[in-house]
Amino acid sequence: NFLSSCWFRSLFVHKVDARKDAHSNLLSKKETSNLYKIQFHNVKPECLEAYNSLEAEVQNRLHQDKDYPCEVVGSWNTWYGEQDQAVHLWRYTGGYPALTECLQKLKTNKEYLEFRKERAKMLISRRNQLLLEFSFWNEPLPRQGPNMYEMRSYSLKPGTMIEWGNHWARAIKYRQENNEAVGGFFSQIGDLYVVHHLWAYESLQSREETRNSAWLKEGWDANVFYTGKTAGLCPHRYSQ
């Protein structure tokens, strides 16, 4: 009968065990406790030069001040993608406690509060995310320049982060010959199910040659195919 046939078929259905840990613990680096913050600032076109100058001055002060457990990993202006946009990537050594310590100190830093007021006059909008780095990606380190950086941001289907990580843990080995892989991150607070891949190239021509060489390697095409099934929108930014 119908009930018995359904029961019989269910014996052959693959059972997926419930995950026993959070994505952040399964995918992030265990040897570090770094937390990252990425900022996207849309600047009034006429203010971009003044904004860059002011932002660089304040970043350098915070970066060099040992009382603040944070550092600037990178700071870029977008060339291709959303125009008149600045992107900043911060690292907090020590995770959430380090972030909390910085925020509390900045609330009483009069110079920083004045900077925020001045910066606000130059902005159209701003948003940020807190990120963790994938365990299988390179640690973002200082590079000899000048370089052109590409950020590829993917909005994943809910529930596919582990699958994405499994495929990219294999795929990243195809993209190491030219030292183009800078860092890979996934969101923790802010827009969820978002992944950012950051790449560096000497030029657009170098980017094309590097990417074409990856397609010649057996296995790269399969990883691109499977990760494409889990991703939604993929905005690209080319910055320096």
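Have a look at TYR112, TYR51, GLY94 and report the one farthest towards the positive end of the charge dipole of the stretch 36-123, computed about the Cα centre with Cβ charges (Lys/Arg +1, Asp/Glu -1).
GLY94
Let me check something: with ligands and nucleic acids excluded, how do ARG127, ARG207 order by accessible area (1.4 Å probe), largest to smallest?
I get ARG127, ARG207, largest accessible area first.
If you average the alpha carbon positions of the stretch 55-117 and of the stretch 167-183, how far apart do those two centres end up, in angstrom?
28
Tell me the accessible surface of TRP164 in square angstrom (1.4 angstrom probe, heavy atoms of protein chains only), to the nearest ten.
Approximately 0 Å² for this residue.
So how much accessible area does LEU48 have, in Å² to the nearest 10, using a 1.4 Å probe?
Roughly 40 Å² of LEU48 is accessible to a 1.4 Å probe.
I'd like the accessible area for CYS47, computed on protein heavy atoms only with a 1.4 Å probe and all protein chains in place. Round to 10 Å², please.
30
Classify the stretch 102-149 from the C-alpha gyration tensor, please: rounded if a/c falls under 1.5, else prolate or oblate depending on whether a/b exceeds b/c.
prolate
Taking the convex hull of the Cα atoms, report for the stretch 69-133 its projected area averaged over all directions, in nm².
5.3
If a/c stays under 1.5 just call it rounded; otherwise compare a/b with b/c (prolate if a/b is bigger, oblate if not). Do that for the stretch 98-238, with a ≥ b ≥ c from the square roots of the Cα gyration tensor eigenvalues.
Details: a/c = 2.28, a/b = 1.66, b/c = 1.38.
It comes out prolate by the Cα gyration axes.
Rounded, prolate or oblate: pick one for the stretch 118-187, where a ≥ b ≥ c are the square roots of the eigenvalues of its C-alpha gyration tensor, a/c under 1.5 means rounded, and failing that, prolate if a/b is larger than b/c, else oblate.
On the way: a/c = 2.69, a/b = 1.29, b/c = 2.09.
Here the stretch 118-187 falls in the oblate category.
The values are calculated or read from the model by the stated rules, or taken from the named source; none is laboratory data. Since we're looking at a predicted model, the values are computed, not measured. As a convention, Cβ positions derive from the backbone with ideal geometry for all residues, glycine included, and neighbour counts pool all protein chains shown. For the accessible areas, the whole protein counts, side chains as well, though only heavy atoms, and no ligand, DNA or RNA atoms are used. Shrake-Rupley method; radii C 1.70, N 1.55, O 1.52, S 1.80 Å.
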